[in-house]
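The values are calculated or read from the model by the stated rules, or taken from the named source; none is laboratory data. Fair warning: this is a prediction, and the values are worked out from it, not measured in the lab. Glycine also receives a Cβ, built like all others from the backbone with ideal geometry; neighbour counts cover every protein chain displayed.
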Amino acid sequence: MVKFRMAEDMTYWQARGCPSRIVTTGQYVDIVPLLPNHSQQLFDASKNADSDTKFTWLAELPPTTLTTSVHGWINFPPAKIQSSTL
């Protein structure tokens, strides 16, 4: 087993909660929490002529169906991130 030395003492480190689901309004764009009603737009945006190049460096392939791929992005439970050991 390989052990890595951390630059800082992480003995008392604790995971933080997920950010609040708020809308951030800017001059040109609003940032909104991802919701199920965004599924179709995300799917459409990922299925254009250059979709393969958009996904070149991502850890997954372009979605093939709306229900299996895009819904997975939206329904990914943040609790899993908090409870996992990374």
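Below are the figures for this structure:
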| quantity | calculated |
| --- | --- |
| Top-ranked residue of region 66-86 - restricted to ones that are in a helix (DSSP H, G or I) and polar (S, T, N, Q), ranked as modelled with the highest pLDDT | Thr67 |
| Output for region 40-54, where each listed residue is among the basic types (Lys, Arg) and outside any helix (DSSP H, G or I) | Lys47 |
| Unmet requirement for Asn37, which otherwise passes all of (1) free of Cβ contacts under 8 Å to residues at least 40 places away in the same chain; (2) of a type outside the set (Ser, Thr, Tyr); (3) part of a loop (DSSP other than H, G, I, E, B); (4) exposed (fewer than 10 other Cβ atoms within 10 Å of the Cβ) | (3) |
| Residue check, Pro63 surrounded by 11 or more Cβ atoms within 10 Å (Cβ to Cβ) and assigned to a loop (DSSP other than H, G, I, E, B) | yes |
| Within region 24-34, tally of residues that are assigned to a loop (DSSP other than H, G, I, E, B) and surrounded by fewer than 10 Cβ atoms within 10 Å (Cβ to Cβ) | 4 |
